[in-house]
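What follows is a set of notes on a single structure, which appears directly below.
No lab work stands behind these numbers, since they all come straight from the coordinates. Just so it is clear, the model here is predicted, and its values are computed rather than measured. No Cβ is skipped: glycine too gets one built from the backbone with ideal geometry, and neighbour counts run over all protein chains shown.
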Amino acid sequence: MRKFRIAALALVGVLAFSACTVGTQNVDTTSAEGEIRGTITFQTWSLRAAYRDYFEKLIDDFEKKYPGTHVKWIDQPAEGYADKISADAAGGTLPDVVNVSPDLAAPLAKAHLALDLDRAAPQYRDEYLPAAWKSSRIPGMKGTYAFPWYLNTGPLFYNKKLFAQAGLDPDDPPRTYDELFRDALTMAKRSKGRIATLASVPTIEDFGRYGVRLMNKSGTAFTFDEPKGVELLRRYKKLYQAGALDRQAFTSTPEQAGRKFMQQSVAMNPGSALDLDKFKKDAPSLYKNIGITDAPNNTGSPNMYVQGLMVNAAGDNKATAVAFAHFVTNAENQMAFAHETTVFPSTKGALDTEYFTRQDGTDKTRVRIASAKSLDTAVNYTPVLLSEDMKTALQNAVTRALRGDESPEKALKRAAEECNRLLRLG
Amino acid sequence: MKTATAAPPGGAPATAPRRVRRHLPTSPWLFLAPGLLAVTAFSLAPFLLTVGNSFTDNRTLVPGGFVGLANFRELLHDEMFWTGLRNSALYVLVTVPLLVLLPLLLAVLVQRHIPGITFFRAAFYTPVVASVVVVGLIWSWLLDDRGLVNGILEALGAGPVGFLSDPWLLLLSAMLLTVWKGLGYYMIVYLAALTNVPRELHEAAAVDGAGAVRRFVTVTVPALRNTMVLVAALSSVSAFKVFSEVYLLAGENGGPAGEDITLVQLVQQVGTGLNGRVGYASALSVVVFVVTLGLMLLVLRANRKEDA
Amino acid sequence: MSATTARPAPAAGPEPHDQKRRSTRPSAARPGRAFGSRPPAWRTALRYLLLVAVFALMVGPFLWQLSTSLKGPGEDIYSYPPRLLPSDATLDNYAGVARIIPVWDYALNSLTVAVASVLTNLVGASLAGYALARLRFKGRGAALTVFIMAMLVPLESIIIAQFTLARALHVNNTLLGVVLPGAVGALNVLLMRNAFSGLPYEVEEAALVDGANVWQRFVRIALPSVKGTLAVVAIFSFMTAWDDFLWPLIVLSDPANFTLTVGLNYLHGTFADNQRLVAAGTIIAVLPLIVMFACLQRYFFRGVGEGAVKG
């Protein structure tokens, strides 16, 4: 659904840029000097509905701390976010502080629209987890282009009832890829192909977790077609042929995959701690049988998602924007946000506090603590340079390989070539 | 509006209206001004920019330069382009005949003023007014391997049908969704036209002993031929430009490995987002435009031949 | 391109004389009573049977959505086989929608945009349609071509250019900016042209004899005769404006100006997917359209009946 809107919107985006190229070449992306006062705009990504009070108070606090400042808060719906940013960037109406993920920050940085924080605000660097600070670095460019904000990671949910029915131990879920593939094949066999274990095809994060090298060291070429990647596809192909991968996996959105899990026609699905509430409300019969485990990985590092705050380098009030972006992402305010919902702060030390270490017996806390612990070693596997086009090329290759239209070697090789071609285009 | 009142009063009566000049030469343009202005500013001018872009390698945030026909040459070697062209063409071939005929039957069904008909007419229009996203969501649910439709099929002893996993069935499902959503729209167009069919023609045919079916074929269809051509033209234009239905059922890649992609979805895929290849996508848009124009001319020409 | 200009009657058109021949004696009767005699009972029954069958096909999916929106917390909305009726019906989900977003403000914005769009389309399309159908002047073919070309443009691919224009006109982030691109739909112009050229010429000839000018003929004679098509245009433009998502999203940035479709999108928040609320939001968005159509279509058919010229 969300994806639909993004795309539909995007569809849109496409044309007529000769009319509206931004004069971005002579923007100063390295400094943000000036007085902290005046009006700035702050754009979040689909947070208003649930966290309005939090943000209103946050802005109030900032305006009190820096008299003479005024923050205008804009929240954009989840769908169409990238295209709203494209339109604003192209039209010169980009807000001063923008909520971005690393892959959104990359093209904006290349267009000289993102402030380089290593140059403009190096004094804040030490407040954040080093891995988080680095997450908005872009291969081929110097600098860091967004303040790290909240982190997210998620467990793998499984359906204990379906495990038990297939004769698998519901209290011993798969923990490694070997166990996962073995259990999935057992499940398919015992249910005569009725119950699949997984509902989505492997994405770039799965390649990363499996231990495939995604890009070369200098970030100039994709390498996911190495033997390890081929091996992952071979194993997935076996799953598909046995019925252990849902037939509709090739076209399913994450929402559709989630629905299949809630309908209990698929035995495992990745999610976040928030999903527990959803299961309880929308699928109570599943909730009774829910099991929680970690997503397997061969690297010792789970995957994490990073949100950041980018400062518009072409803004009029950069000093205020930097101050505000830092204010939102400082230890205190990130901690307060983490109490609002199940996300994790990217500031140093936050994850060692009691909130993320002490059990209170509830499932929610158990998931929160497990997730926080896994963040110690977590990595954002998705390369920041991997654009939507490249993701499509990879997914199409995976599909061809799994369906047997092409050998896994050939499919992956062609996908890597296509991604590299797109990468060279810039 | 006010400007139009300035037109001078008419002069002498004329015998054949088509030859009449009842106005200063400027007045027709005053009538046309609002429409022409809106359409030129917000559709044609931007489209001309698109045409210009198709000769560049512009990207969303990075301006490029003139590349001549390179984008069009690239199209010829792009497998996805040919897949998209094939699917969009198939879409026209399947949905247009259905959308010309079925809504007409529906219009005849709801034409008669029987109690409750207002309710039915409004109800049949519901799929048109609902946003396509909602409709897509509901249908992907219904056609799922474990959805209502497969539930019914299984109860009848047929195995689950992979409406949403087989590339061909997916395309067909999207086509049926288009037809389902378009029925009410064209039903309205036909209903408006049906009220213009003189009842004397029906009465005469009835006196001659023609049954309902024969009257439909010999009276209704010929009388509505112009409307049917209009519907054929409109539906083929929108069928060739189809995006949402395929997108919603077949996913963002356009089916397994892009097997179900349509041209407009390809435009979306390559041209959008912060890394969008605006130049190449513009070239695709130009092709879509030219083919749609050709289709429309084809429909109209077929009509003229029949006239002759 | 010039090929189209040469063609007398593209998309929309019946040749005027053609149409004239067919409708020299249009009927004033309501369409419902097409024949003097009542049809036999079995045929009425068959008709109802068919109506109900089509009804199930066309509306069933929405009733399913309605049912979901009424399901209370704790009901399994993902069970298989699906449960058709809510066992614990509640209107809470509708209240929930209003709690998350100022749904009435957004609805008012949508209504403003939709009504404005109906007005501009009625005025713009009927004026242009009339000129194209009934007035003879140099450049008519060219003007017609402009509208046809506009209809063929894949609208989705020009939004950024439209946004740039809206910004240049300083109407971005206003409801006016939302209305402008759809102010006069090319398709509506063609529909109006089709309707006007279907009118018998005799009527206007009579007015000519009375010395009426173009404007008077347009307002007093032509417009009242095409009420049906006007209603169609009104419905289409209301619907298009009400349902539009992409353009309002691009052009509006201040949440206070959001239209309903953009606002409802908040229901799929990043962390707050709730199918029941989404379903309730869907119903809130669709219901006004259905009600409006139900009301207007009554007028629509009466209008067509009354408007028929007595020969």
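Quick notes
- Helices assigned as whole DSSP H runs in chain B whose Cα atoms extend at least 20 Å along their own long axis and whose mean Kyte-Doolittle hydropathy is 0.0 or higher are found at B:79-111, B:167-194, B:225-240, B:278-307.
- Computed packing ranks the peptides A:81-91, A:397-407 as A:81-91, A:397-407, most packed first, by mean other Cβ atoms within 10 Å.
- Chain A: antiparallel DSSP beta bridges as a percent of all, rounded to 5: 60 percent
- Packing, as the average of other Cβ atoms within 10 Å across residues, places the peptides B:182-194, B:202-214 in the order B:182-194, B:202-214, highest first.
- Based on Cα contacts under 8 Å between residues 6+ apart, chain A shows a relative contact order of 23 percent.
- Under-5 Å amide H pairs with A:THR41, H placed in peptide plane, nonlocal only: A:LYS72, A:ASP96, A:VAL97
- Inter-label distance, A:THR293 to A:SER218: 4.2 nm, where each label sits 7 Å from its Cα along the C-beta direction.
- Shape category assigned to region A:290-426 from the gyration tensor of Cα positions, a/c cut at 1.5: oblate
- The alpha carbon centroids of region A:188-219 and region A:82-111 are separated by 31 Å.
- Only helical runs count toward this figure. For chain A, summing -39,500 (n - 2.57) over DSSP H runs of n ≥ 4 and dividing by all residues gives -13500 deg cm²/dmol at 222 nm.
- The order of C:TRP64, A:TRP133, going from fewest to most other C-beta atoms within 10 Å of their C-beta, is C:TRP64, A:TRP133.
- Per-residue average of Cβ from other chains inside 10 Å of B:107-117: 4
- For A:LEU108, C:LEU132, C:LEU91, order by how many other beta-carbon atoms lie within 10 Å, fewest first: C:LEU91, A:LEU108, C:LEU132
- Highest-MSF residue in chain B out of B:THR272, B:THR195, B:THR178 [GNM, Cα springs under 10 Å]: B:THR195
- Scalar couplings 3J(HN,Hα) for region B:215-220, obtained by applying the Karplus form with A = 6.51, B = -1.76, C = 1.60 to θ = phi - 60°, are 5, 4, 6, 8, 10, 4 Hz; x denotes Gly and Pro.
- In a simple Cβ point-charge model (Lys, Arg +1; Asp, Glu -1; nothing else charged), region B:70-307 has a dipole of about 760 debye relative to its Cα centre.
- Each semi-axis of the equivalent ellipsoid for region C:102-307 is √(5λ) with λ an eigenvalue of the Cα gyration tensor; in descending order they amount to 37, 21, 13 Å.
- Alpha-carbon centroids, region B:236-308 and region C:220-263: separation in whole Å: 25 Å
- Evaluating kT/(6 pi eta Rh) at 25 °C and 0.890 mPa s, with the Kirkwood radius of the protein assembly as shown over Cα pairs in the Stokes-Einstein relation, gives 80 µm² s⁻¹.
- Order by protection proxy (mean Cβ within 10 Å, highest first), peptides A:177-183, C:233-239: C:233-239, A:177-183
- Helix A:2-13 axis versus longest C-alpha principal axis of chain A: approximately 50°, rounded to the nearest ten.
- Lys, Arg +1 and Asp, Glu -1 on Cβ, resulting dipole of the protein assembly as shown about Cα centre, debye, nearest 20: 3740 debye
- Prolate/oblate/rounded call for region B:70-307, Cα gyration tensor, a/c under 1.5 rounded: oblate
- Backbone amide hydrogens, once placed in the peptide plane, bring C:SER253 within less than 5 Å of C:ASN173, excluding anything fewer than 5 places away on its chain.
- Positive-pole candidate from C:ILE101, C:LEU208, C:PRO255, dipole of the protein assembly as shown, charges at beta carbon: C:LEU208
- Inter-chain neighbour count for A:277-283: the average number of beta-carbon atoms from partner chains within 10 Å of each residue's beta-carbon is 5.
- Separation of the B:TRP29 and B:ALA70 label points, Cα + 7 Å toward Cβ, nm: 4.2 nm
- Dipole magnitude (debye, nearest 20) for region C:102-307, charges at Cβ of Lys, Arg, Asp, Glu: 480 debye
- Tilt relative to chain A, helix A:363-375 - C-alpha long axis, 0 to 90 degrees, to 10: 70 degrees
- Shielding by partners for peptide C:287-295, expressed as the average number of C-beta atoms from other protein chains within 10 Å of each residue's C-beta, is 4.
- Part-to-part distance (alpha-carbon centres) for region A:361-426 and region B:82-104, which is given in Å: 36 Å
- Members of A:LYS278/A:LYS364; A:LYS134/A:LYS228; A:LYS189/A:LYS238; A:LYS134/A:LYS217 lying beyond 18 Å, as alpha-carbon distances in this model show: A:LYS134/A:LYS228
- Positive dipole terminus of the protein assembly as shown, leading residue within A:GLY404, C:PHE245, A:SER46 (C-beta point charges): C:PHE245
- Using a Förster distance of 41 Å, the FRET efficiency for A:GLU35-C:LEU169 (Cβ separation, nearest 0.05): 0.75
- Pairwise label distance in nanometres, B:GLU79 with C:ARG83, each label 7 Å out on the Cα-Cβ vector: 4.7 nm
- Coil-residue chymotrypsin sites (Phe, Trp or Tyr not before Pro) of region A:191-239, DSSP, other Cβ within 10 Å capped at 12: none
- Multiplying each eigenvalue of the alpha-carbon gyration tensor of region A:96-162 by 5 and taking the square root yields semi-axes of 30, 15, 10 Å, largest first, rounded to whole angstroms.
- Cα gyration tensor, region B:14-159 - rounded (a/c under 1.5), prolate or oblate: oblate
- Sequence-separation-based contact order of chain B, relative, with Cα cut under 8 Å and 6+ spacing, percent: 28 percent
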